[in-house]
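The structure appears below as structure tokens.
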């Protein structure tokens, strides 16, 4: 299957703005330059990196590394170095969060479909799936992963943020010009704009599509948002957030509508935001304790 | 809404540390794969995922045309190669080659200021190597009966060479077909283990090859050490039988019809990613060959010690043992839009040959889908210790003698260029053209009489054109 590069390139103020759609989300890259050819080269490289990561870690593709691991049927799968580093990271996050962040929890989505409806599954739907959740049940050593039959992994909670950091690194290798990479609201900048000025980033409203809930100014580092803006279930006045607690198989209660975290890297920002969401009503307390620079919307 | 900033807690600090580690570690592994893409000409943009861990198939089909100057050998060679890559690093390769070769080859005799006549066995009618007087410049002759010869061989083929021209046999025509198959895969701690076999058949030659290979990657795949063991079993069944070395050239069918050669060898390889832009490989190879290595059609002139006129023509003879060693040093350098390849090879054997090869090529990306890759190659070799341009009639016959210019001291230069056009992210069309010239000593100091006026170096000049198509698919 061939994946052609599709990004459009347009002049936007002082920047060239490349835009494309990948990982089921709008993606953009801003390069502060007057050189259209440079804008095109950076955009193409960023898109290529996004598509490489999307294809490599997609759980929908049989030939992706995730597809192979999930189809291994209890057998061992050897993985390449990049995948191994991501699995190490996921494994450490599992430990740090006391099992709240778990890349094996994706199977629960077979029961939970967060489409804004009121179709809340019953306990009998969740119980058999919940037995297939638990990173502590897998064997992960020497770059080989063995999942018990039926279990699956999904790097979806990690891949987009990782793609932002990788894409920024790819852009930096091409140019010293200021660059902003934004994949569906998870973003990172290469440094300040020309003249030590800041990047302005709008935080999207969780209520309305095009409204803005606030404006952040960013000089360096990354922002990531975890939220249920449009992905939730609403039944009998109870709002079920799309953040599932792997330890119960049920959505986290009283989670903020969205958490935006600033950190040196998008991977770090995304992980802190996700862990905060998993804290439910103690999200703010968690962010405060961990000293995160964060916005919460309830 | 609240914006907060305080000293990080335990979890925050840990996430910060492991995130930084993740990005540094993956940057290193991604850079290495970027290097590999630069070097191996894969789609740099990575639009198509044909890398490790992905199952895909590669097809390469090409047509090669080889033409030597002066109406000598010409060859047409279609090739097809298929490589099937499995998602777990398995690889199956299949290859097929066909050859049609025709033209005139120097028979090994020296030129003379007189007309020379050569006789050789006549190929039976119906054989595809049959020559007629019209096409081959030969005539059929009646042989005088000779005691002890094969009864059917009463006819021979005779051809003449005009004064002051290099004697050539124009009846050269052959077909070849070859098939190869190989398999490799990772196995336990071994990064790659595999083997292969090949079979090649000509009208007068057959070759069977087999090899096994193991490779191990170290140091985050930046270092690869490999060992290849290979064996070959060849059979030579020349038309007219196998002549006795240094016996007089004649038109009789010889009683020995087939001779064999066996070859065993190994290659020890080291590949190292030196930096992000520099890939280096070092190979040492050793081969031991035993058996028939003489060219059964090639002759050598015996000349008069004063006039230099040929007095007789003998079949050549080469030693039956050959041990060769070579060291190959290859560097691929990727800077900016170009990829440079620089290599050096040193070769030596117990026949007294030693050679040096220096080759350079530069791949330059022209536009988005075009690239050009000019290359130049310099070659120098010393003569084998049994190389003789001719023998002298009053001297004792040596044990071995050959006048094959490929065993003489000579220099060669190849200039060429490849132009590639990327039809899509997965297919590429290429044309490659090379011009090869050999130069050697046509007037050696030991030339006698009329030979001083002749060019005794029968080296070739050849043009090679190849058109090919590569296609990758899932």
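Provide a single number: the residues in the range B:58-91 that are assigned to a loop (DSSP other than H, G, I, E, B), under 22 Å from residue B:461 (Cα atoms) and touching a strand residue (DSSP E or B) at 6+ places or on another chain (Cβ under 7 Å).
Going through the range B:58-91 one residue at a time, the tally reaches 3.
Taking the stated definitions as given, is residue B:413 away from chain A (no Cβ under 14 Å), part of a strand (DSSP E or B) and surrounded by fewer than 15 Cβ atoms within 10 Å (Cβ to Cβ)?
Values: away from chain A (no Cβ under 14 Å): yes; part of a strand (DSSP E or B): yes; surrounded by fewer than 15 Cβ atoms within 10 Å (Cβ to Cβ): yes.
The answer is yes for residue B:413.
For the range B:255-272, give me the residue count where each residue is over 27 Å from the mean Cα position of the chain (by Cα) and touching a residue at least 40 places away in the same chain (Cβ under 8 Å).
Qualifying residue count, the range B:255-272: 1.
For the range A:32-42, give me each residue that is touching a helix residue (DSSP H, G or I) at 6+ places or on another chain (Cβ under 8 Å) and more than 12 Å from chain B (Cβ to nearest Cβ).
Answer for the range A:32-42, where residues must be touching a helix residue (DSSP H, G or I) at 6+ places or on another chain (Cβ under 8 Å) and more than 12 Å from chain B (Cβ to nearest Cβ): A:32, A:33, A:38, A:42.
A quick yes/no check of all residues on (1) farther than 15 Å from residue A:22 by Cα; (2) assigned to a loop (DSSP other than H, G, I, E, B); (3) touching a strand residue (DSSP E or B) at 6+ places or on another chain (Cβ under 9 Å); (4) modelled with pLDDT of 90 or more:
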| residue | (1), (2), (3), (4) |
| --- | --- |
| A:153 | yes, yes, yes, yes |
| A:164 | no, no, yes, yes |
| A:171 | yes, no, yes, yes |
| A:180 | yes, no, yes, yes |
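Name the residues in the range A:276-298 that are part of a helix (DSSP H, G or I) and either out of contact with any helix residue (DSSP H, G or I) (no Cβ under 7 Å at 6 or more places or on another chain) or surrounded by fewer than 22 Cβ atoms within 10 Å (Cβ to Cβ) (or both), would you?
A:278, A:280, A:281, A:282, A:284, A:285, A:286, A:288, A:289
Can you give me the number of residues within the range A:56-82 that are more than 8 Å from chain B (Cβ to nearest Cβ), out of contact with any strand residue (DSSP E or B) (no Cβ under 8 Å at 6 or more places or on another chain) and either on the phi > 0 side of the Ramachandran plot or modelled with pLDDT of 85 or more (or both)?
6
How many of the residues in the range A:105-143 are out of contact with any helix residue (DSSP H, G or I) (no Cβ under 7 Å at 6 or more places or on another chain) and in a strand (DSSP E or B)?
The qualifying residues number 2.
Give the residue that is nearest to the other protein chains (Cβ to nearest Cβ), with candidates limited to residues of the range A:12-31 that are more than 18 Å from residue A:164 (Cβ to Cβ) and either touching a strand residue (DSSP E or B) at 6+ places or on another chain (Cβ under 6 Å) or in contact (Cβ under 8 Å) with a residue 12 or more places away in the chain (or both).
A:16
So, residue B:26, is that one within 8 Å of chain A (Cβ to nearest Cβ) and either modelled with pLDDT under 85 or farther than 29 Å from residue B:463 by Cα (or both) or not?
yes
Go through the range A:128-139 and count every residue that is modelled with pLDDT of 85 or more and surrounded by fewer than 17 Cβ atoms within 10 Å (Cβ to Cβ).
4
Do we find that residue A:53 is touching a helix residue (DSSP H, G or I) at 6+ places or on another chain (Cβ under 7 Å) and farther than 17 Å from residue A:183 by Cβ in this structure?
Criteria not met by residue A:53.
Being under 22 Å from residue B:172 (Cβ atoms) and buried (at least 19 other Cβ atoms within 10 Å of the Cβ) is the filter here, so list the residues in the range B:217-240 that pass it.
Once the filter is applied, which keeps residues that are under 22 Å from residue B:172 (Cβ atoms) and buried (at least 19 other Cβ atoms within 10 Å of the Cβ), the range B:217-240 yields B:234, B:236, B:238, B:239, B:240.
Residue B:250 fails exactly one of the following numbered conditions: (1) within 14 Å of another protein chain (Cβ to nearest Cβ); (2) not in a strand (DSSP E or B). What is the number of that condition?
Residue B:250 satisfies all of (1) within 14 Å of another protein chain (Cβ to nearest Cβ); (2) not in a strand (DSSP E or B) except (1).
So residue B:85 passes all but one of these: (1) at pLDDT below 65; (2) more than 7 Å from chain A (Cβ to nearest Cβ); (3) buried (at least 18 other Cβ atoms within 10 Å of the Cβ); (4) within 20 Å of residue B:427 (Cα to Cα). Which condition number does it fail?
Going through the list (1) at pLDDT below 65; (2) more than 7 Å from chain A (Cβ to nearest Cβ); (3) buried (at least 18 other Cβ atoms within 10 Å of the Cβ); (4) within 20 Å of residue B:427 (Cα to Cα), residue B:85 breaks only (1).
Has the range B:279-293 got any residue that is buried (at least 20 other Cβ atoms within 10 Å of the Cβ), closer than 19 Å to residue B:108 by Cα and more than 21 Å from the chain's Cα centre (by Cα)?
no
Could you tell me whether any residue of the range B:346-360 is surrounded by fewer than 14 Cβ atoms within 10 Å (Cβ to Cβ), part of a strand (DSSP E or B), touching a residue at least 40 places away in the same chain (Cβ under 8 Å) and in contact with a strand residue (DSSP E or B) (Cβ under 9 Å, 6 or more places away or on another chain)?
no
Test residue A:10 against the criterion of being surrounded by fewer than 17 Cβ atoms within 10 Å (Cβ to Cβ) and either out of contact with any helix residue (DSSP H, G or I) (no Cβ under 7 Å at 6 or more places or on another chain) or closer than 30 Å to residue B:56 by Cα (or both), and give yes or no.
Working: surrounded by fewer than 17 Cβ atoms within 10 Å (Cβ to Cβ): yes; either out of contact with any helix residue (DSSP H, G or I) (no Cβ under 7 Å at 6 or more places or on another chain) or closer than 30 Å to residue B:56 by Cα (or both): yes.
Yes; evaluated as a whole, the condition is true for this residue.
Looking at (1) crowded, with 17+ Cβ neighbours inside 10 Å; (2) closer than 16 Å to residue B:301 by Cα; (3) at pLDDT 90 or above, which one does residue B:99 not meet, given that it meets all the others?
Looking at each condition in turn, residue B:99 falls short on (2).
Within the range B:187-207, track down each residue that is part of a strand (DSSP E or B) and surrounded by fewer than 18 Cβ atoms within 10 Å (Cβ to Cβ).
Listed by number, the residues that qualify are B:187, B:190, B:193, B:195, B:197, B:199, B:201, B:202, B:205, B:206.
The values are calculated or read from the model by the stated rules, or taken from the named source; none is laboratory data. No experiment lies behind these values; they were computed from the predicted model shown. Methodologically, a virtual Cβ is constructed for each residue, glycine included, from the backbone with ideal geometry; neighbour enumeration extends over all protein chains shown.
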